[in-house]
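So the structure is just underneath, and the comments pick up after that.
Since every read-out is calculated from the coordinates, none of them should be taken as a lab result. All figures in this text were calculated on a predicted structure; none of them were measured in a lab. Glycine also receives a Cβ, built like all others from the backbone with ideal geometry; neighbour counts cover every protein chain displayed.
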């Protein structure tokens, strides 16, 4: 059985993105209407996250409906509210009798020093990204969505940092499909692990990276 590379958009999760290119920030939303099982590995001392308790093994609910990766640091966590609003309108979520409550988990990266410090993912941006995921999937690698304001090499100051972004990789082996999406926002530089050469294209992640494995 031969393994082959495929676009990450073919693994069965709907992905949408929205960004403020002028402001230098954005968000990426992953949606599974039927619910998806997910886990969490938190790195770093200041994780900007929302509803991360849902991903612990002892949590009552064993699935979630959406994951949000976004810029804006902790300010950007409001993007998940827009995703919830969109999904509730579509009746996607846990049925609690009076409505459907979407279970949405979010992780944020720090991009306030890129572009406009007051440009942050908000409910409107989250709603737009969720709508794109469901109605017109628009995922692209690069400076889009959560990768819009992502940078690397900040250890010598922001005036010496370099642009990174969001990237993906996926493979198919028979009926099995697996993929990863990574928004790289590292404090240090990124190096090719094989050659030791500094690289902006490597998916190697440091402590500030927010990652999702599907």
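Annotation: the antiparallel percentage among DSSP beta bridges lying fully within region 1-110 is about 80. Neighbour counts of C-beta atoms inside 10 Å place 120, 90, 160 in the sequence 160, 90, 120, starting with the fewest.
Sort 166, 178, 11, 92 so that the residue with the fewest other Cβ atoms within 10 Å of its own Cβ comes first and the one with the most comes last. Please report the intermediate quantities before stating the final value.
Working: 166 27, 178 15, 11 19, 92 22.
So the residues, fewest neighbours to most, are 178, 11, 92, 166.
Under a Gaussian network description of the chain, with springs only between Cα atoms under 10 Å, the residue in 184, 68, 197 that fluctuates furthest is 197. In the chain, the DSSP-assigned H stretches of four residues or longer account for a calculated mean residue ellipticity at 222 nm of -3500 deg cm²/dmol, using -39500 (n - 2.57) per stretch and the full residue count as denominator.
Going from the residue with the fewest nearby Cβ atoms within 10 Å to the one with the most, 55, 109, 40, 173 rank 173, 40, 55, 109.
Take every Cα pair under 8 Å in the chain that's 6+ residues apart, average their separations, divide by the length, and report that relative contact order as a whole percent.
Dividing the mean separation by the residue count of the chain yields 25 percent.
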